[in-house]
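The values are calculated or read from the model by the stated rules, or taken from the named source; none is laboratory data. Since the structure is predicted, the reported quantities are computational estimates derived from the model, not experimental observations. Here Cβ is always computed from backbone atoms with ideal geometry, including for glycine, and neighbour counts include all displayed protein chains. These accessible areas exclude ligands, DNA and RNA; they are computed on the full protein's heavy atoms, side chains included. Shrake-Rupley method; radii C 1.70, N 1.55, O 1.52, S 1.80 Å.
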Amino acid sequence: MSALKKTALTVLAAALLPILTAVPASADTKAEGPDKEPQPPASMSKVGGARLSKAGTQVNLGAGAPVLPKKLSGRSWIVADAESGDVLASHNAHWRLPPASTLKMLFADTLLPKLPKTKSYKVKPKDLEPVGAGSSLVGVKENLSYTVHDLWLGVFLRSGNDAVHVLAAMNGGVAKSVQDMQEHAEELQALDTHVVSPDGYDEPLQVSSAYDLTLIARSGLQKKDFREYCATATAKFPGEPIKPAKGEKPEKDKKGKPKREFFEIQNTNRLLTGAPGIAPYKGIAGVKNGNTTHAGATFTGVAERNGKVLLVTVMNPSSHEGQAVYQETTRLLDWGFAASGKVKPVGTLVPPKSAATNVSPTPTPVGADAIKAAEQDKPFAAANSGGTGGIGTALALAGGALIVLAGGVYLVNRRWPLPDLVRRRPHE
């Protein structure tokens with residue numbers, strides 16, 4: 001064998017090794033049972049606790065705790081306390097499955113700090129070339145300019161793969177963005193996640209898990225912009241330049257550029273905006289939904305009731321019930337709020353590797369204290385020098401309007417009140 005051939009084979013083997021070793025656990029499962037549904041691996045990751053590595057439903061019901069809902073068909077799901085990180089119940093929590101557009105949460109959590117929201121960018125034709133056939137789109141057009149803020153609205157509300165790829169281009173390209181996302185996933189200890197495409201489009205070996213998606217959402221919700229975008233129900237998105245009437249000059253904006261048409265976009269999260277057969281969930285404030293051929297329907301949601309904040313992720317329900325992923329999320333949220341304080345946790349959402357893990361002796365302000373702080377538009381007082389491992393967010397619906405009470409971050413001791421989101425819920 002020539003030296004050139006040996007070198008080529010060595011390079012090929014080196015390139016294939018990480019892919020071959022990263023085969024998702026679900027790829028090895030066998031279809032069993034009358035419905036030939038894929039079965040979870042017998043053993044999965046132990047991140048967050050040994051119980052979470054087991055197949056099947058994990059829950060420790062205490063005195064007075066309600067039983068889990070009967071109508072649950074998701075291949076994988078999890079119910080967790082967003083602030084403490086306690087996992088109240090789970091089902092195949094670490095099963096590595098295609099994530100669909102819920103992976104955009106990782107994309108946003110990774111890139112939001114890198115791109116100033118006021119920055120404007122003119123879209124190049126090559127930026128949109130990687131967008132997969134049949135992708136969900138917000139309507140980004142080549143040779144037109146958009147702000148980063150516009151593009152994030154397109155990502156969160158319309159799940160626009162076109163907006164994702166333009167933001168990826170601004171970050172140095174798809175390959176770099178995928179690498180950044182993978183590194184961030186590892187920092188979050190979301191070790192079930194293998195990123196291939198930044199938008200969640202079906203790709204071989206692209207996987208995550210209900211545990212990881214919940215972990216990623218919890219991290220994203222530390223960021224004010226992330227919280228605001230994922231709670232936005234409707235927004236205006238820039239379209240084509242306004243065509244002047246015959247014989248007239250084009251209208252200009254304050255910057256001297258041709259004025260643009262704007263069209264309304266609505267969030268595809270049906271627990272936020274509602275849909276036939278689905279009412280907006282009381283207390284919902286995001287996070288992200290997805291749906292592809294291989295992933296089926298996926299969803300991660302955050303909601304608050306009476307100062308308790310829960311995160312629920314449901315992946316690929318097999319039920320033929322309409323809007324099953326939202327119906328099952330609703331049942332799990334209802335159960336979680338009713339079961340809070342009456343179940344023993346089966347695991348925990350681990351903090352990022354670099355996060356301080358000291359538990360603050362000062363509880364997150366909720367109720368009247370949080371509302372007062374929000375009205376004053378002042379940060380909550382520092383808890384201690386060690387930081388907090390919890391999300392520190394309290395969200396509530398009051399008087400038919402979404403009122404955001406409080407937010408926090410892992411490594412910073414201040415907590416910020418979120419802006420009033422009433423204007424984003426015109427359906428109420």
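Annotations
- The listed residues Leu137, Leu144, Leu213, Leu72, once ranked by accessible area (1.4 Å probe) with the largest placed first, stand as Leu137, Leu72, Leu144, Leu213.
- Amide H contacts under 5 Å for Phe262: Gly239, restricted to partners 5 or more places along the chain or on a different chain, H placed in the peptide plane at 1.01 Å from N.
- The packing ranking, built from the mean of other Cβ atoms within 10 Å per residue, places the peptides 318-326, 119-127 in the order 318-326, 119-127, highest first.
- Apportionment of accessible area to carbon and sulfur, segment 171-226, percent (1.4 Å): 53
- Annotation for Lys236 and His294: the two label points, set 7 Å from Cα along the Cα-Cβ direction, are 4.1 nm apart.
- Karplus-derived HN-Hα couplings along segment 127-132 (A = 6.51, B = -1.76, C = 1.60, θ = phi - 60°), whole Hz, x at Gly and Pro: 5, 9, 4, x, 5, x
- Pairs exceeding 26 Å between alpha-carbon atoms, taken from Lys176/Lys257; Lys126/Lys252; Lys119/Lys254: Lys176/Lys257; Lys126/Lys252.
- Taking amide H positions as modeled 1.01 Å from N, with prolines and chain starts lacking one, the residues under 5 Å from Ser209 and 5 or more places away or on another chain are Leu97.
- For Arg51 and Lys342, a Förster radius of 22 Å and the Cβ-Cβ distance give a FRET efficiency of 0.80, rounded to the nearest 0.05.
- Extension gain (nm, one decimal) between Lys254 and Ala42, 0.36 nm per residue minus Cα-Cα: 70.1 nm
- By the rule of a C-alpha distance below 23 Å, with chain neighbours fewer than 8 residues away ignored, the lysines paired with Lys342 are Lys54, Lys70, Lys71, Lys282, Lys308.
- When His194, His149 are compared by accessible area at a 1.4 angstrom probe, the order from most to least is His149, His194.
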